[in-house]
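Notes to accompany the following structure.
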Amino acid sequence: MADKLIEMSNVFKEFDLSSGKLPVLKSLQLTVSEGELISIVGKSGSGKSTLLSIMGLLDDISSGDFKLCGHDVRSLSNYQKSIIRNENIGWIFQNFNLVEEMTVAENVSLPLRYNNKISSKHYSEIVNQALSDVDLGDKYGQYPSQLSGGQQQRAAIARALVNSPDLILADEPTGNLDEENSQKIFELLKKLNGHKKTTIVIVTHDNQLAEQCNRGLTLKDGVFVNNH
Amino acid sequence: MFDLLYSFRLLKREKIQIFILAFGFAFFTAFLSFSLELGRYLLQEKPLWVQNENHYMTIGRTDINSDFTTINGHELDVISKIPQVKELSRLAVKNWNGKINGKVFNSLNLVFYQNNLNALLGLPDIFQYRDNGVYISHSFWHKNQSTINLDNNVAIEFSGTSKILKINGILPESMDRLGNTQAEIWLPYEHLSSFSGIPVLPSDSSDNDSTEGNNSLENKLKSLAIFYGVATLNQQFEHNRILDSIKQAELNNTKSEPTNFTYFEAPKQLSVVSGIEFNPSYRAIINQQFWLLLILVIGLGLLNGLNLFTISTSKLIYRQQELNLRLVLGARFSSFFHQISVEHLPLIISTLTLGWLIYAIIPLLISGNSVYAFILNSYDAGHTLLTWISLCALITIFIIICACVPLIKLFKGSHFHRSSHSTLSVRNRLYIHLNRAGQMLIAILGLTIALSLVLEEIERRNSIQFADQLHVIDVQAEQVIPLKSNLLEGELGTLNSSQMAVSISPFVMPDYDTPFLSVEGMEDSDKFVVRNVAVSENYFSLLELEFVTSFTDLGRNDIIINEAVADLLAKDGNVNALIGQDVTLAGVAIRPQTFRVKAVLKNTQHFGIFENNTPVVYTHLGKAWPFLIYQLSFFSLPDYSDALVNTIQSWLLSESIEGVIESQGSISQQLSDLDKRGNLLFWTSLVVTSLIFALVCISLFYQMMGHVKAYQVKFGTMLAIGAKTRHIAWELFKESFYTFGIVNPAVLAVIFALEPLFIKRVGQEIFSLESYLLAAFLVLTLTIMTLLVSLFRLKGKKISVLLQTNG
């Protein structure tokens, strides 16, 4: 495993609009090492979500160099990207994105089902461990609608953890939660980062949370204005 | 298993939708199987079926183990002289290799028969021209009918000989076995020399062989191991008496030990598919209706496929967030394909189960009616199972393709859009509109064909305008009925002609002779085939047939033509101008005769003429072609029927004419019976049409529901900012109406493009302006109705629910 998980150099991202090209990221330079807990803040339209999508291999860069876990992303096929997304990346969303018709355990097991390296007989054990890590061991057979917002987000975190990814990308993970639950979720992320040394990138509007991260990045009009 | 469980959970939300889809596919599966079975049975050209209602027996010898074994020619000769034996044919059996339609058959059991077999089987003289052919056994035909298309012109090629012989017909099932031998191909004795190398003396094939001739043949045929006899009897079969007579004859004549003889009794009944082989018009109408049925069934399948495609598209758009999430978690296209396929397993299982049930119910529904019993014969379990398994596999693939194609379209190159739930891409919107346009197109086309069919059938039935209370008595003979003069003036001059009429429909073999009609100066290529019916003078008045022109009486040199003939003759459409014109009737063996057109009869159904537009001409009874008279039809008022039968019987006896008198019942009853087989196809088509109509309603409804669901956030937002349901209704109506406007020229273009193909294949125009307009109107009405219903569903939901995203 490379020490540097993310290496971005001179990255540009533009969107084609009918009125012309819209530049979103401009000559971006970023390096993320293993075990970092990074926050990205910025106003709406600053390019935070686009950057996260690029980091999560959901979108492509327009130009520049981008390496993820040692792989040159531009040379990867869609199939290879799927595998990296599944094995190396965990996602946490603002609105949790749990599938309503699946139980908590089934939701958490979903990434395992797309991972050909893990045998189905280990699913139960791995899912139990992931749920225990987020204190939801007793909610195994319940459906998302039976959980509170905080519990739903913890279930989503368990799902992000279940494949033991190198990188967790959290898009406004506390955006739909109250202050108390927000702090609990953040503490959980910090704990994971501390114990498992998982690299976490959080996009947030919450400056308080951002300040608690090891490293804070501020995006403005597609460039980092603050990189500490 | 995980995906399957998930799909069952989804089912809770969509159970009615799945049930309706399953029903649609099940009907398609069942009707496709049924139509194929029906087509296989009805459309396969079969050789002549031998109809033998006489008793016959196969004669052999029993050995010490009581096994049936061979008998020698000399003993058969003795048996042939027993008074009870009417006709006897010797049979010799030999194995040989042959080839039929390119397929090689090793070790065929050939049975060589004397040429008196035709008489023995009771075949009429008219079939004698086919004498130089072979018969095949019923079991051989039954076993090979699906792999070899046995029709009238199929030839059998025998290895190592120069013999290529045509198949004459299929022998009764009871003649399948000769002792321990399974007979397969029956050939005339005269071909024996080509197989054994032994020349057969002319006397060998004679009915009255001398003993010397038999012995000579016997000596020469030592290489043939098996020898049997087949005989018909002069009187009622009495086992013991026949056996005793044979033994007695053998003892009287014997130079050998007394022999134990045995025999088989043939069943009287024989399955004969009458009418289809020898009635081209009947065959044509069945052919036509079958193809229409098949087109409708395929239309039903397409509609189901489109319906599933539409629902899948709408569902995938609705589930886009869930599927995007899976994509984020590492799902690949193959994972989606697997998931969607598994999710459709309940639909596939329900479809196949329901389809099998419907398929199984069809014969049960029709088994109560003996007229349809022939269909049950075609439900061969082994064959059906194989067909069914293949069909199930095809339907499964079809369902998976219909369900997964939208997946390819929607997710090809797609990326994760967190807000995609509330907006539809231009491409997805286009799919929705294209789906609806496709459904409308199939619906209008399907309904146009169906309505054309129904309207035509209604017109056909309305055209039966003659006196249908009349009783019909048919006289059928196995030889030409010798008429010395006009029947009513000569042989049956004593009949009360005010109460009865008579017609003669010359028995016309398809390849034998068919009369052509022409007028002076007409080129050969313009001459056309007509059906010629010779009738008595009072025929038209008794049957109350309607004329287009005036009519008084029918003279010997007059001819009455129907409207179909008039249309072909009068290019300018003036049928009155044809009156008084000379026309000529001629055929290959029919000497040209000139008649004067007396009147034009309205097109109507006639016996053996199942289409209104069949060209028919009526001539005077005294002008019937004498060598083609095999059947007479008498029409009488109900009260006169019994007296007429008695008079006919006396006449036949006095003239020594061997004929069968069949009282057919009233005309209406006959028409109903004659129609039934054709009707079966018609009614099946009508059921399929109704299903198409029902499916159109359902699919348009679900399409509209899917549309509303896919746009629900947009509509929710519109409602939230003050729009009313009618604003949404108006917007949807405009969209539907534009689609409808675009679809109609497309329908017309398809109709114009396909019409020549349909005319070629089906033989008639199946699109009419009336049916098209009616179909278009129905589809528009349905669209508006489904739109309203789906909007009512929308209205019943809270705006907050509409704005919610689906997990």
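Of all residues in the range B:296-347, those that are more than 14 Å from every other protein chain (Cβ to nearest Cβ), aliphatic (A, V, I, L, M) and over 19 Å from B:L441 (Cα atoms) total 5. All conditions but one from (1) of a type outside the set (A, V, I, L, M); (2) crowded, with 21+ Cβ neighbours inside 10 Å; (3) assigned to a helix (DSSP H, G or I) apply to A:S145; the one that does not is (2).
Pull up the range A:107-136, narrow it to residues that are more than 10 Å from chain B (Cβ to nearest Cβ) and open to solvent by less than 10 Å² (accessible area, probe 1.4 Å), then point me to the one that is farthest from A:G149 (Cα to Cα). Looking at the filtered set, the residue picked out is A:V127.
Go through A:V104, A:V41 for me and flag whichever is more than 10 Å from chain B (Cβ to nearest Cβ) and open to solvent by 10 Å² or more (accessible area, probe 1.4 Å). So that I can check it myself, show each step before the final result.
On the way: A:V104 fails: open to solvent by 10 Å² or more (accessible area, probe 1.4 Å).
Among A:V104, A:V41, only A:V41 is more than 10 Å from chain B (Cβ to nearest Cβ) and open to solvent by 10 Å² or more (accessible area, probe 1.4 Å).
Does A:R154 satisfy being within 13 Å of chain B (Cβ to nearest Cβ), of a type in the set (D, E, K, R) and either in a helix (DSSP H, G or I) or in contact (Cβ under 8 Å) with a residue 60 or more places away in the chain (or both)? So A:R154 does not fit the description; no. When B:T805 is tested against (1) outside any helix (DSSP H, G or I); (2) at pLDDT 65 or above, just one condition goes unmet, and that condition is (2).
Residues to consider are B:S736, B:S685, B:S690, B:S699; find the one that is modelled with pLDDT of 75 or more and under 26 Å from B:F34 (Cα atoms).
Values: B:S736 fails: under 26 Å from B:F34 (Cα atoms); B:S685 fails: modelled with pLDDT of 75 or more; B:S699 fails: modelled with pLDDT of 75 or more.
Criteria check complete, one pass: B:S690.
For the range B:544-560, the set of residues classified as under 40 Å from the mean Cα position of the chain (by Cα) and not polar (S, T, N, Q) consists of B:E544, B:L545, B:E546, B:F547, B:V548, B:F551, B:L554, B:R556, B:D558, B:I559, B:I560, listed by residue number. Residue count for the range B:529-545 satisfying the condition of being touching a residue at least 60 places away in the same chain (Cβ under 8 Å) and not in a helix (DSSP H, G or I): 11. Do we find a residue being within 11 Å of another protein chain (Cβ to nearest Cβ) and either open to solvent by 20 Å² or more (accessible area, probe 1.4 Å) or part of a helix (DSSP H, G or I) (or both) anywhere in the range A:60-75? Scanning the range A:60-75 turns up at least one residue that is within 11 Å of another protein chain (Cβ to nearest Cβ) and either open to solvent by 20 Å² or more (accessible area, probe 1.4 Å) or part of a helix (DSSP H, G or I) (or both). Taking the range B:511-528 as the range and being outside any loop (DSSP other than H, G, I, E, B) and either open to solvent by 20 Å² or more (accessible area, probe 1.4 Å) or of a type in the set (F, W, Y) (or both) as the test, the residues that pass are B:F516, B:V519, B:D524, B:S525, B:D526, B:F528.
Can you name the residue in the range A:168-183 that is out of contact with any Gly (no Cβ under 7 Å at 6 or more places or on another chain) and not in a helix (DSSP H, G or I) and, of all such residues, is most open to solvent (accessible area, probe 1.4 Å)? Selected residue: A:D178.
Would you confirm whether or not the range B:308-330 contains a residue that is without any contact (Cβ under 8 Å) to a residue 60 or more places away in the chain and basic (K, R)? Yes.
Results for (1) open to solvent by 10 Å² or more (accessible area, probe 1.4 Å); (2) modelled with pLDDT under 70; (3) at negative phi, shown as yes or no for each residue.
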| residue | (1), (2), (3) |
| --- | --- |
| B:N307 | no, no, yes |
| B:T310 | no, no, yes |
| B:G355 | no, no, yes |
| B:L364 | yes, yes, yes |
| B:G368 | yes, yes, yes |
| B:Y372 | yes, yes, yes |
| B:I397 | yes, no, yes |
| B:P406 | no, no, yes |
| B:H415 | yes, yes, yes |
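Yes/no per residue for (1) under 24 Å from B:Q476 (Cβ atoms); (2) over 22 Å from the mean Cα position of the chain (by Cα); (3) modelled with pLDDT under 70; (4) not hydrophobic (A, V, I, L, M, F, W, C):
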{"position": "B:Q128", "(1), (2), (3), (4)": "yes, yes, yes, yes"}
{"position": "B:S146", "(1), (2), (3), (4)": "no, no, yes, yes"}
{"position": "B:N149", "(1), (2), (3), (4)": "no, no, yes, yes"}
{"position": "B:V154", "(1), (2), (3), (4)": "no, no, yes, no"}
{"position": "B:L165", "(1), (2), (3), (4)": "no, yes, no, no"}
{"position": "B:I170", "(1), (2), (3), (4)": "yes, no, no, no"}
{"position": "B:T181", "(1), (2), (3), (4)": "no, yes, no, yes"}
{"position": "B:E184", "(1), (2), (3), (4)": "no, yes, no, yes"}
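Right, A:A160: within 16 Å of the chain's Cα centre (by Cα), of a type in the set (A, V, I, L, M) and open to solvent by 10 Å² or more (accessible area, probe 1.4 Å) or not? Even if it seems obvious, please write down each step before you answer.
Values: within 16 Å of the chain's Cα centre (by Cα): yes; of a type in the set (A, V, I, L, M): yes; open to solvent by 10 Å² or more (accessible area, probe 1.4 Å): no.
Answer is no for this residue.
Inspect all residues belonging to the range A:184-205 and state whether any of them is in a helix (DSSP H, G or I), within 12 Å of chain B (Cβ to nearest Cβ) and within 20 Å of the chain's Cα centre (by Cα). Spell out how you get there, then give the answer.
Residues of the range A:184-205 in a helix (DSSP H, G or I): A:184-196.
Going one step further and asking which of them are within 12 Å of chain B (Cβ to nearest Cβ), we end up with none.
Checked against the condition, which is being in a helix (DSSP H, G or I), within 12 Å of chain B (Cβ to nearest Cβ) and within 20 Å of the chain's Cα centre (by Cα), the range A:184-205 yields no hits at all.
Taking each residue of the range B:559-571 that is assigned to a strand (DSSP E or B) and looking for partners that are open to solvent by 10 Å² or more (accessible area, probe 1.4 Å) and at pLDDT below 90 with beta-carbon atoms closer than 6 Å, six or more apart or interchain, yields B:N562/B:N603. Restricting the search to the range A:76-99, which residues are in contact (Cβ under 8 Å) with a residue 24 or more places away in the chain, among the aliphatic types (A, V, I, L, M) and not in a loop (DSSP other than H, G, I, E, B)? A:I84, A:I89, A:I92 - these are the residues of the range A:76-99 that are in contact (Cβ under 8 Å) with a residue 24 or more places away in the chain, among the aliphatic types (A, V, I, L, M) and not in a loop (DSSP other than H, G, I, E, B).
The values are calculated or read from the model by the stated rules, or taken from the named source; none is laboratory data. Here the structure is a predicted model, which is why all the values come from computation and not from measurement. Cβ atoms come from the backbone with ideal geometry, glycine included; neighbour counts cover every protein chain shown. When the accessible area is computed, the model is the full protein with side chains, heavy atoms only, and any ligands, DNA or RNA have been set aside. Shrake-Rupley method; radii C 1.70, N 1.55, O 1.52, S 1.80 Å.
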